[in-house]
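The values are calculated or read from the model by the stated rules, or taken from the named source; none is laboratory data. Please read all numbers here as calculations on a predicted model, not as lab measurements. Glycine gets a Cβ as well: all are built from the backbone with ideal geometry, and neighbour counts include every protein chain shown.
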Amino acid sequence: MPVPLPSETEVKLTRPDATEVAWLGRGIVTAVRPSTGHTQLQDLLLKAVFESMTGFSIDPDAIEPIEAEEFATGLAQRNLEFRTRIVQVMLLGELILMPLPDEVSERVERFAGALGVDEGMIDVARDFAKGSMGLALVDFDRNGYTANWDEARCDMLHTTAHLEEAWQMAPSDPELAARWAALEQYPPGSLGRRVSEFYRSRGFMYPGLPGSAPPYLAQHDWVHILADYGTTVESELEVFGLIGRAIPDFKGFSLLAMVVSLFETGYLPSAAGLFQADKGHLSRKGMPERLGDAMRRGALCGKDLMGIDWFSYADAPVVEVRRMLNVVAKGPAALVNGSVGPWEHGGISPYQANSGRKLAESEGRVYESYGASVA
């Protein structure tokens, strides 16, 4: 039986102190540790997430196992939001396992049950563990953030035609393409102008043109500018770490689960109408710390950055939009571990730089990277 949720008078809403953080570490590490012991990536990632999100450190090697019911009892005063976020950290530690043992999948499900948490990505993790990749895709669509796509969201995307699915392409929408192209005329330093420079420097096609990304996926491009992340695969993990944690709806976590399953384990062959699997990027040096910091920034933002009409902010300076949406600066752990912005060395991929040059040549202009260069 799940541990009941607290009443309004019983609920604990304060930040976890060192004692509670140790308790959380004990439960999370127990839930995700395979019988052979936790992996190096689990060790690094859980340490980084705890440090970024709580300000306290944990030592996975020193964790004493705990039963799900005992752990949940220790969180009796915590509400559903807190408990759900804890289960999502468990899932993050689980989804980076390749292969994913049945024992870990079953244990995380047991911990979630004891906490009274119904998290859709548990179904996906169970499918991964059983090797049912086709079913995993179905469960991802059924339980993910875009499962209940509302065509009314097309209003914020400014598409001429309604999109029946979130990641649907719009390759022939001249009005939409013109709206994006008009960003080139916005004041220097404005969010809109920086987004146009972001596209031109990388050879990205504006939404509404052939070869462009789905308009809904283009929502995350504004976050690259706002949060100061480049466009390598590692930076994509940071962007979606921030976005997935910032969305108040618990299902927002599925966006982080998506990129981890694309860019670390390769469980998902493709997603979001554009991304293709490319394994092993979260395992790279410094990436656990960078992802942990991105999640911290997302938690502090607390807004659905995929659900904003970004054109309403386009004429404002980037620094002002950051203030309005509470997108705080990167922490030292991310910076020292190589997190770069879109206009820095390492903030662009070789393919993107080459595409940007080709686009400039086709338009009869001199190529400008605005500071971005290949690592």
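See the values below:
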item: Candidate set: the stretch 277-322, residues that are among the small types (Gly, Ala, Ser) and part of a helix (DSSP H, G or I); chosen: the one farthest from Asp155 (Cα to Cα); result: Gly292
item: Residues being touching a residue at least 40 places away in the same chain (Cβ under 8 Å) and either under 25 Å from Pro188 (Cβ atoms) or among the small types (Gly, Ala, Ser) (or both) - total across the stretch 330-357; result: 19
item: Some residue of the stretch 347-362 being among the aromatic types (Phe, Trp, Tyr) and in contact with a Ser or Thr (Cβ under 9 Å, 6 or more places away or on another chain); result: no
item: Helices (runs of 4 or more DSSP H) wholly inside the stretch 7-82 containing at least 1 residues that are of a type in the set (Val, Ile, Thr) and within 30 Å of Val328 (Cα to Cα); result: 18-32, 40-54
item: Glu51 farther than 20 Å from Leu237 by Cβ and either under 24 Å from the mean Cα position of the chain (by Cα) or touching a residue at least 12 places away in the same chain (Cβ under 8 Å) (or both); result: no
item: Condition check for Leu137: of a type in the set (A, V, I, L, M, F, W, C) and more than 19 Å from the chain's Cα centre (by Cα); result: no
item: Members of the stretch 155-192 that are in a helix (DSSP H, G or I) and without any contact (Cβ under 8 Å) to a residue 24 or more places away in the chain; result: Ala182, Glu184, Gln185
item: Hey, Phe250 in contact with a strand residue (DSSP E or B) (Cβ under 9 Å, 6 or more places away or on another chain), touching a residue at least 24 places away in the same chain (Cβ under 8 Å), assigned by TED's automatic domain parsing to the domain that holds Asp315 and among the aromatic types (Phe, Trp, Tyr) or not; result: no
item: Exclusive hit being surrounded by 20 or more Cβ atoms within 10 Å (Cβ to Cβ) and free of Cβ contacts under 8 Å to residues at least 60 places away in the same chain, set Pro207, Pro214; result: Pro207
item: Matching residues, the stretch 111-133, being in contact (Cβ under 8 Å) with a residue 60 or more places away in the chain and either more than 16 Å from Ala72 (Cβ to Cβ) or surrounded by fewer than 20 Cβ atoms within 10 Å (Cβ to Cβ) (or both); result: Gly113, Gly116, Gly120, Met121, Val124, Phe128, Met133
item: Verdict on Leu255 being closer than 25 Å to Asn354 by Cα and assigned to a helix (DSSP H, G or I); result: no
item: Residue that is farthest from the chain's Cα centre (by Cα) [pool: residues in the stretch 102-117 that are more than 19 Å from Leu268 (Cβ to Cβ) and either outside any helix (DSSP H, G or I) or of a type in the set (Gly, Ala, Ser) (or both)]; result: Ala114
item: Subset tally (residues that are hydroxyl-bearing (Ser, Thr, Tyr) and under 20 Å from Leu226 (Cα atoms)) for the stretch 334-360; result: 2
item: Those residues of the stretch 253-277 which are of a type in the set (Ser, Thr, Tyr) and touching a residue at least 12 places away in the same chain (Cβ under 8 Å), in sequence order; result: Ser254, Ser261, Thr265, Tyr267
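Conditions tested, residue by residue: (1) assigned by TED's automatic domain parsing to the domain that holds Ser212; (2) touching a Ser or Thr at 6+ places or on another chain (Cβ under 8 Å).
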{"position": "Val87", "(1), (2)": "no, no"}
{"position": "Gly93", "(1), (2)": "no, no"}
{"position": "Arg107", "(1), (2)": "no, yes"}
{"position": "Ala114", "(1), (2)": "no, no"}
{"position": "Val117", "(1), (2)": "no, yes"}
{"position": "Val138", "(1), (2)": "no, no"}
{"position": "Ala152", "(1), (2)": "no, no"}
{"position": "Thr160", "(1), (2)": "no, no"}
{"position": "Leu191", "(1), (2)": "yes, no"}
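Residues checked against (1) more than 23 Å from Val138 (Cβ to Cβ); (2) surrounded by fewer than 17 Cβ atoms within 10 Å (Cβ to Cβ):
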site	(1), (2)
Ser261	no, no
Tyr267	no, no
Ser270	no, yes
Ala277	no, yes
His281	yes, no
Ala294	yes, no
Arg297	yes, no
Leu300	yes, yes
